[in-house]
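Engineer: Sharing a structure below in structure tokens format, with a few things to ask.
The values are calculated or read from the model by the stated rules, or taken from the named source; none is laboratory data. As the structure is a computational prediction, the values presented were derived from the model and not from experiment. Here the Cβ positions follow ideal geometry from the backbone for every residue, glycine too, while neighbour counts run over all protein chains shown.
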Amino acid sequence: MTKLNKFNKLAIVAGISFAGLVSQAFADPMCGMNTGEAATGTPIIVGGIHGNAAPGDFSASTDAAKAYFDCVNANGGINGRPVDYRVENDQWNPELAAQAAAKLVDDAGAVALVGNGSFMEMAVNAQTYVDKGIMVMASACAISECFETPNIVSTNQGPLPSNLGATQYAQEELGATNVACIGLNIPNNGPWSCNESIALMEARGGSGSMALLNPGAPDVNSALLEAIASGADTILMNLPAGLAIAVLKAAEEQDLRDGYNWIAPTPLYDLSVPAALGDYWDGAVYVNAELAPFSVNGPDAQNFIKVMDAYAHDDDPRDTFAQSGFLSATYFVKRMMEMDPADMDDRAKVSDAIRSISGYTSDLMCGPYYVGDAKFHMPNHAGYMTKIVNGGYEIVRECYEFDSAYFAPHIAIEKELGLR
Amino acid sequence: MSLEITDLSVKSDGKEVVSNITFTVNPGQIIAILGSNGAGKSELVLGIAGMLSASGGRVTVDGTDITGKSPDIVRVAGVAAVPEGHKVLTQLTVDENLRAAGSLRWSDLEANLLKTYKRFPELAARKSQLAGTLSGGQQQMVALAHALMSAPEYLIIDEMSLGLAPLIVKRLFGVVRELQNQGVGIVLIEQFTDLALSVADQAIVLRGGQSQYIGSASALLSDPNLLDEAYFGAGHQRAAL
Amino acid sequence: MGVIEVNARLFHVTPSGVAGLIFAAFAFFIVPAIVGSLWLSVFTSTACFTLAAAGVAFMYARLGMVSLTQVGLMGVGGWVMLRLNYAFGLPFEINLILAGLVTMIFGMILALPALRLRGLYLALVTLMAAGGLEIIFATFQFPNGGGGFFGVATGLTPSMERPAFAISDAAYLRYTIAVATLGFLLIELARRLTPGRAWAMIRRSEAAAMSAGVNVTRYKTIAFALSGLLAGLAGALLAGSLGLLDGGTFRASESVMIFALAVVGGARYWLGAVIAAALFRIMPAVLNNWGVDADLSYVIFGAGLLHAVITAPDGIASQLLGKLVKRIKVTAPKIVATSPSKANPDALHSTVVVDAITVQFGGVLALEAISAHLTHPISGIIGPNGAGKTTLMNVISGFVKPNSGNISVDGFDLGPLSPHQRSQWGLRRSFQKEEISEDLSVTENVRVQIDTSQMSDANKQTEVARALAFVGMSENADVLGSELNTFERRLTDIAKCIVGTPKLIMFDEPAGGLSVQETQTLGDLILGIHSYTGAHVLLIDHDVDLIARICSETLVIDFGRSIAFGSSKDVLRDPAVKAAYLGTEETL
Amino acid sequence: MTRGSIINLALYVCAMTVIVLLLGWGKPSKVLGLFFVSGLAVGSLYALGGIGLVVLYRATGVLNLANGAAGAAGAMTAWQMAQWNIWAPFTWLSCILVTLVISLAYGRFIAPRLAWREPVVKAVSTLGFALIILGLVSFIWADDPRSLSLPTDKIGVRILGLRVTVTRLIVIGTSVTFVVGIWAYLKYTAVGLQMRSLANDRNLSALIGIPILRVETIAWVLSGVIAGFTGLMFGDLIRLEPTVITFMVIPSIAAAICGRLEHLSLVLVGGLSMGVIESLLTLSPLLKGVRPVAPFVIAALVLLYYQRGNRLTFGGGN
């Protein structure tokens, strides 16, 4: 039944990773205490909610989180206590989303939610999480509620920063002066994330406009034409991969490639995209990546593959949703290990602990990860810029911070925490 | 060589409307089936034609069993039914009506068409007129023609005279006679008893889906009380439900 | 005693009703106490959809009308609820009622096309509405406490207010169940009063309903309004339970689904709506809870739907409690018609003037300047098939607007009146096919005719009883229309024509399909009608003998032309008439 | 050409010109041209979907909401074949074949059991079937960005400044061909005649010996082929996402309504007009947000216009 709705398949869905990673995937994975002994204590109940139904599968993040937790449980758990990780599916249905939260938070009594991946769940449950005083370390977020509410913190960026990154690069490197942002006509997604990029262009003496696409509409052509008609020289495709591809196909139909810069946020960073686009777009599409691209093959990236190979199903994707979920889980475990095991059943204490997370780093993420007490959280607002070249992605700019007034309060907090 | 109905029972949405009817139609014979409204006459027709499913008994044509076969099979087997109320394909022309009806004997369609138009010159004159715009009498002719296009051996006509001017009725009964003489076995379902009885050899009277009388038509015609008895049973109360 | 009569009818509780109330009580007292947080929210939304399903179900079962917008309308109710909740500090109940009313108005707007459309077309136009609403919701979203008219904010949203005594999820579930139960009672009440009778007639045939004095437009609109109200309440309650709504819940396909499920559940029974909602909300939750792959649960759901539609044509409910369902039997008061004749002397000489009526269908001239002053108490109209008899009748009863000419009774021009107005004025007619509602008892069938009159309820009862006594149907007074044979239907039809204060009664081939004896009885009956009602009787038939026996004057029509008019004896002897009526080659 | 139809034509022309002028006022004609042609491109897809629905409805009385889902299954199969580097024409064939088989399966095994139900129930039941197909398809092909492209996407011509690929021309061309071809088929062939008589009066047709099962089977095959082709085109021109293709059936119904579920030529005109109006609405700052509503509003209005005047039915519900 689900039609495209609230659907911004942001994060960096990348297909199977390549040989370079696999070859190093032999040494044992590193998890929690690394005792090699199975944990026997009373379990800690942790929940996770993902959305998986046509047309989108966001389960990769919880799959990876589960793999990591299993690995932890097999290695002494968290100070001897294993993690009982319970995952629910909201099927992109707001009622099921609310029910999933009710089941985990009330019925199961989870102390925290980790690895959530959905474009539905957060909007419905944000208030519930505040009321029940539970923290959510999400991994695959797409909508404003994910980044502008007190109890949700996400490892991934979502469309707003990623758009900024792409826009900023186009303005600095490709000479963009007028950006048209094609987004979904959904307030907490399209307009919310397009506005900041337009603001950025205006702040830098350029201009920008929005062409909004109704999720239900079959026709992307008129949105593209609208963007063109706005006199833009750069087209920012702030859309799920499927829709972005549709836009690019329409542009190919009009043979518009050379007249404009084509930039996109992370949804288009997906190893199956270049094939779907074909040769026509080779070397012409610039995509922002909010976690480290696969070619940046650091220790955490390698450990991720080892954990997945050892504890996940073979058909669980090793994409950047998964990386994001894996990161959230590692950060959660890392913080819990510093706690008194007795306090781990006390939701309030666990939440306080999570809020106190600060300065965790990983080679998968450009900036440091932190939570803090603010009413909003967006630790991840730096990234890479890539370009689609012969069937793959080539990094055209290493880690760079996105420059926007929007991040002023975040930077202030980071200063407070001594992170800069 | 005959159309044999044995213990035929017919169900229409759940309840049995015809029970254990048995009779035989021989070539060139006319059988009248009488009965007041709701006695189950039309259901019997539809049952034989394969439009309603038989809940018991069997129907055979010249020995071959056609019980519960689909209407088109029944037609091909040589039994054609003309439904009540001069029904035609209103949005098709007269010619298309006949061709549609004839399409199951594709090979000799044209031949049958010719014969039928010969029998009903009135229709030949209106080939390209929409059947919906015909008068009641003309529509009844089309309805008959539908049946004739399949060159049937046995013909079942439901309420042929209902709502038609006497002269047209006379005209149509003429056609029935012709067919009889050409050796077609005919079943006439009628309400206006004397008309049917005057042409029929055999008569059956239905009440409440059961046959109250089987026998010679002339006997019924001569003795109205007998007919009354069969029609309404003793003391005329709540006939036929 | 008439009053007691009504109450008995009104508050009689059927076995199925008892079962329903027991079920509601169980759901109200037991369920919330024993289930966890997850199932509380599942059951709450189930209760909401039960209410909505009840709306589509009764429209389908009672009027034969299909609405594929129900879930869309829920969205409207939910939108208004959220909007009110965040805009003004009104109490929950007020918001709830307002949301219901606004949606009700939406429903009535939907009814506008319904007045002309029926069957699949009606369904499709409502589907188009649902499609439109889906886009609107997807575009403008549901208010969540933000500013502006649409009130959509990004970021954290304040929670939705609930009624003071229903803050907890359990209490709120009870609240929802209570409202849903009230909704069902509302439907049942409407069904047992005037609207119910009108709906039954409309379902049978709109023409018959109109000529029984039913304002079809009005009662169709009422039906849509009621169903819209229920949808609105359901949507509002859903908003209260979730706190935030999403367009995803109110897609056009969901509207189609809830209708399909209402059919599967059994549209005629309260249980049907419950089953529909349960399949719609509880089943997916269960599958999800078992960890069944979401895609596969679609497959299971679809397969289940198909299987149920095929194997349970009257719905699962009818299989479960079909046997339980008995219709209420209320013994009609045995009243001896005090004065068999209430004819008023001046009516005896009432004159019906047919003045140069001409009707043209496309190119065809159906009636050509037909004129006649009908002065005798019982007049006949005869003519061969397709002569235009029935057309003339439709002109008189107002279904066909004549291109020229007019009809007047005792100088009163009927022209400006609509069919149901003519009926209320005192014009009655029967149809070739007797138009009796299968869903109503004989008494109710006759009662419809005078529902709109000013009489006191007691008098209406008496009137009906007397009419039934006159046609000899008293002992069948409470038999359902579906259980009558042709003759009894005819008699009921006649009772409908004579009840109350008719001025002009028209019979269209009343003897059609009747046996000799029945025709005899019918003739005598019609002969008595004039002295019983004092109304002018107009009789159309083929049966020359019948006409000759009871009509003192006769009008003969052939090919839309009046070819003879006068005393029946002379007319029927007229050779021209013989030729025309018995047919000549041209008439073939 | 009766007087009525001339009036309708005139009304239609007026309405369209007024709308185009209202929306396009003060816009450069180049822009107008762009959106106009792009609208035709979308409209032809609505029309194609509508034609498939009408052909089946006329002959069998089933409004098949599962057309889209079947087409989606076909399109996905074609994509899969392409992944296995099977010769392109075979992949297209497989799309049509799969859709045909699915539609035929319903026509032979499920539709007959519902033959005696009213049209609405027949229609909503097909939604159940659509769910089954959609569920299976999304289960088999996990969500992933995909695209389907035909060689004809690469070739194109400029019309009013908009580049139109041969694929889109094929869509419009095929729609027209279907309209003409099916008209001729119904008019001049025996089966066509049988279909028309079925559409006219199902019971009588059965009684006069028309082999219902056979005729309906042919109708299901025909509509299956059309649905398959439609699915392929949707997959190429709109998006290769099963849900999107599945629910394209709803605007397609809107197009079908414009033809009273009967006249294919009107379906074509209706579909194209919807596309154009929807696309031109982009020019209105007020309405561009809700432009996908256009087909539904138009269909509702058209339906009301058709039904004007007729008020009552004698006997029975519908």
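Engineer: From the set of residues in region D:118-136 that are of a type outside the set (A, V, I, L, M) and part of a helix (DSSP H, G or I), which is farthest from the chain's Cα centre (by Cα)?
Structural biologist: D:Gly135
Engineer: Right, here's the next one. Would you call A:Gly367 modelled with pLDDT under 90 and over 23 Å from A:Ala138 (Cα atoms)? So that I can check it myself, show each step before the final result.
Structural biologist: Working: modelled with pLDDT under 90: yes; over 23 Å from A:Ala138 (Cα atoms): no.
Criteria not met by A:Gly367.
Engineer: Now a separate question. Inspect all residues belonging to region A:311-320 and state whether any of them is over 27 Å from A:Thr42 (Cβ atoms), of a type in the set (Ser, Thr, Tyr) and crowded, with 21+ Cβ neighbours inside 10 Å.
Structural biologist: yes
Engineer: While we're looking at this one, here's another question. Within region C:473-550, considering only helices (runs of 4 or more DSSP H) that don't extend past its boundaries, which have at least 1 residues that are polar (S, T, N, Q) and in contact with a helix residue (DSSP H, G or I) (Cβ under 7 Å, 6 or more places away or on another chain)? Spell out how you get there, then give the answer.
Structural biologist: Working: elements: C:486-498, C:516-533, C:544-550.
So the answer is C:486-498, C:516-533.
Engineer: Scan region C:298-314 and tell me whether some residue there is crowded, with 23+ Cβ neighbours inside 10 Å, farther than 19 Å from D:Arg117 by Cβ and not basic (Lys, Arg).
Structural biologist: Scanning region C:298-314 turns up at least one residue that is crowded, with 23+ Cβ neighbours inside 10 Å, farther than 19 Å from D:Arg117 by Cβ and not basic (Lys, Arg).
Engineer: What residue, among those in region A:226-249 that are more than 22 Å from A:Ala276 (Cα to Cα) and facing chain D (nearest Cβ under 7 Å), is modelled with the lowest pLDDT?
Structural biologist: A:Ala229
Engineer: What is the residue count in region A:129-163 for residues that are charged (D, E, K, R) and farther than 19 Å from C:Leu244 by Cα?
Structural biologist: Restricting attention to region A:129-163, the residues satisfying the condition of being charged (D, E, K, R) are A:131-132, A:145, A:148.
Adding the requirement that they be farther than 19 Å from C:Leu244 by Cα leaves none.
Here the count works out to 0.
Engineer: Moving on to the next point. Check B:Arg126, B:Arg119, B:Arg99 and return the single one that is away from every other protein chain (no Cβ under 13 Å), charged (D, E, K, R) and either closer than 10 Å to B:Met149 by Cα or surrounded by fewer than 20 Cβ atoms within 10 Å (Cβ to Cβ) (or both).
Structural biologist: B:Arg119
Residue-wise test of (1) at pLDDT below 90; (2) among the hydrophobic types (A, V, I, L, M, F, W, C).
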site: D:Met1; (1), (2): yes, yes
site: D:Ile6; (1), (2): yes, yes
site: D:Leu9; (1), (2): yes, yes
site: D:Leu21; (1), (2): yes, yes
site: D:Gly33; (1), (2): yes, no
site: D:Ala41; (1), (2): yes, yes
site: D:Ala47; (1), (2): no, yes
site: D:Val54; (1), (2): no, yes
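Engineer: Got a sec? Which helices (runs of 4 or more DSSP H) wholly within region A:213-326 have at least 2 residues that are in contact with a Cys (Cβ under 6 Å, 6 or more places away or on another chain)?
Structural biologist: So the answer is A:299-311.
Engineer: Of all residues in region C:248-273 being over 17 Å from C:Leu133 (Cα atoms) and not in a helix (DSSP H, G or I), which is nearest to the other protein chains (Cβ to nearest Cβ)?
Structural biologist: C:Ala267
Engineer: If only one of A:Ile49, A:Ile45 is surrounded by fewer than 24 Cβ atoms within 10 Å (Cβ to Cβ), assigned to a strand (DSSP E or B) and in contact (Cβ under 8 Å) with a residue 12 or more places away in the chain, which one is it? Outline the logic, then answer.
Structural biologist: Working: A:Ile49 fails: surrounded by fewer than 24 Cβ atoms within 10 Å (Cβ to Cβ).
Checking each option against the conditions leaves just A:Ile45.
Engineer: OK, next. When region D:13-56 is examined, which residues are found to be within 14 Å of chain A (Cβ to nearest Cβ), in contact (Cβ under 8 Å) with a residue 40 or more places away in the chain and more than 18 Å from D:Ser175 (Cα to Cα)?
Structural biologist: Result: D:Leu23, D:Gly24, D:Lys27, D:Lys30, D:Val31, D:Leu32, D:Gly33, D:Leu34, D:Phe35, D:Phe36.
Engineer: Do we have D:Val98 as of a type in the set (Val, Ile, Thr), at pLDDT below 95 and touching a helix residue (DSSP H, G or I) at 6+ places or on another chain (Cβ under 6 Å) here?
Structural biologist: So D:Val98 fails the test.
Engineer: Hey, among the residues in region B:169-195 that are within 14 Å of chain C (Cβ to nearest Cβ), more than 12 Å from the chain's Cα centre (by Cα) and in a loop (DSSP other than H, G, I, E, B), which one's modelled with the highest pLDDT?
Structural biologist: Per the criteria, the residue is B:Gln191.
Engineer: Same structure again: Where in region B:1-56 are there strands (runs of 3 or more DSSP E), lying fully within it, with 1 or more residues that are surrounded by fewer than 18 Cβ atoms within 10 Å (Cβ to Cβ) and over 15 Å from the mean Cα position of the chain (by Cα)?
Structural biologist: B:3-12, B:15-25
Engineer: On to the next question. Is one or more of the residues making up region C:451-463 closer than 30 Å to B:Asp194 by Cβ and hydrophobic (A, V, I, L, M, F, W, C)?
Structural biologist: no
Engineer: Right, here's the next one. Evaluate the following for C:Val80: is it buried (at least 24 other Cβ atoms within 10 Å of the Cβ), touching a residue at least 40 places away in the same chain (Cβ under 8 Å) and closer than 27 Å to C:Val264 by Cα?
Structural biologist: no
Engineer: Also: Failed condition for C:Ile378, given (1) on the phi > 0 side of the Ramachandran plot; (2) at pLDDT 85 or above, with all others met?
Structural biologist: (1)
Engineer: With D:Ile133, D:Ile110 as the choices, which residue is touching a Pro at 6+ places or on another chain (Cβ under 9 Å), within 10 Å of another protein chain (Cβ to nearest Cβ) and either within 23 Å of D:Ile51 (Cα to Cα) or crowded, with 24+ Cβ neighbours inside 10 Å (or both)?
Structural biologist: Of the residues listed, the single one that is touching a Pro at 6+ places or on another chain (Cβ under 9 Å), within 10 Å of another protein chain (Cβ to nearest Cβ) and either within 23 Å of D:Ile51 (Cα to Cα) or crowded, with 24+ Cβ neighbours inside 10 Å (or both) is D:Ile133.
Engineer: Among the residues that make up region C:374-384, is at least one of them out of contact with any Leu (no Cβ under 7 Å at 6 or more places or on another chain) and surrounded by fewer than 16 Cβ atoms within 10 Å (Cβ to Cβ)?
Structural biologist: Taking every residue of region C:374-384 in turn, at least one turns out to be out of contact with any Leu (no Cβ under 7 Å at 6 or more places or on another chain) and surrounded by fewer than 16 Cβ atoms within 10 Å (Cβ to Cβ).
Engineer: A follow-up question, please. Mind checking which residues of region D:145-160 are buried (at least 19 other Cβ atoms within 10 Å of the Cβ) and free of Cβ contacts under 8 Å to residues at least 24 places away in the same chain?
Structural biologist: Residues satisfying the conditions are D:Pro145, D:Gly156.
Engineer: For region C:112-134, which positions are more than 7 Å from chain D (Cβ to nearest Cβ), crowded, with 23+ Cβ neighbours inside 10 Å and closer than 18 Å to C:Ala61 by Cα?
Structural biologist: Scanning region C:112-134 gives C:Ala114, C:Leu122, C:Thr126.
Engineer: A further question follows. Checking C:Leu245 against (1) in a helix (DSSP H, G or I); (2) within 10 Å of another protein chain (Cβ to nearest Cβ): exactly one of these is not met. Which one?
Structural biologist: (1)
Conditions tested, residue by residue: (1) farther than 30 Å from A:Asn151 by Cα; (2) crowded, with 24+ Cβ neighbours inside 10 Å; (3) in the same structural domain as C:Phe431 (by TED's automatic domain parsing).
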site: C:Phe149; (1), (2), (3): no, no, no
site: C:Leu173; (1), (2), (3): no, yes, no
site: C:Ala178; (1), (2), (3): yes, no, no
site: C:Leu182; (1), (2), (3): yes, no, no
site: C:Thr194; (1), (2), (3): yes, no, no
site: C:Met201; (1), (2), (3): yes, yes, no
site: C:Ala209; (1), (2), (3): yes, yes, no
site: C:Thr217; (1), (2), (3): yes, no, no
site: C:Leu229; (1), (2), (3): yes, yes, no
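Engineer: Pick from A:Val72, A:Val83, A:Val87: which is at pLDDT 90 or above, closer than 15 Å to A:Gly36 by Cα and of a type in the set (A, V, I, L, M)?
Structural biologist: A:Val72
Engineer: State which residue is nearest to D:Leu193 (Cα to Cα) when the search covers only region D:1-56 and only residues that are among the β-branched types (Val, Ile, Thr), surrounded by fewer than 23 Cβ atoms within 10 Å (Cβ to Cβ) and under 25 Å from the mean Cα position of the chain (by Cα).
Structural biologist: Among those that are among the β-branched types (Val, Ile, Thr), surrounded by fewer than 23 Cβ atoms within 10 Å (Cβ to Cβ) and under 25 Å from the mean Cα position of the chain (by Cα), it is D:Val13.
Engineer: Evaluate the following for C:Phe301: is it touching a residue at least 60 places away in the same chain (Cβ under 8 Å), of a type outside the set (A, V, I, L, M) and in the same structural domain as C:Ala171 (by TED's automatic domain parsing)?
Structural biologist: no
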